[in-house]
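Reviewing the structure listed below.
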Amino acid sequence: MRSRLRTKTLVGLTSIEKMQKKALNLYQAQDYKKDFGFIDYVSPVRRRELSDQLDALAFAELRGKMVNGGFIRSSYRSSGHSRPRRGN
């Protein structure tokens, strides 16, 4: 897999090895998994119909958590608000 990581930094030859080591350490880091382990399973959905279905499920889940979790009043649910439509 080709990396898309790019940098435009002027460095001297002596700094290149340090930058390479730092980049490799960041690339191999695993500490993000503590809070964001799910990110390894996220991928773009290109099919519009599937994307719309997944969006609807996610928004329904969020609305339920927000209402039941006390973040917003349940009257929001009946106020007719809906998610914005995407442009074509």
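The values are calculated or read from the model by the stated rules, or taken from the named source; none is laboratory data. Just so it is clear, the structure is predicted and the values come from calculations on it, not from any experiment. Reconstructed Cβ throughout: ideal geometry from the backbone, glycine too, with neighbour counts over all protein chains shown.
If the requirement is being part of a helix (DSSP H, G or I), of a type outside the set (G, A, S), surrounded by fewer than 10 Cβ atoms within 10 Å (Cβ to Cβ) and at pLDDT 75 or above, which of these qualifies: D40, D52, D31?
D40
Need pairs with beta-carbon distance below 9 Å; first residue on the phi > 0 side of the Ramachandran plot and within the stretch 55-72, second surrounded by 11 or more Cβ atoms within 10 Å (Cβ to Cβ) and modelled with pLDDT of 75 or more; sequence gap 6+ or separate chains.
none
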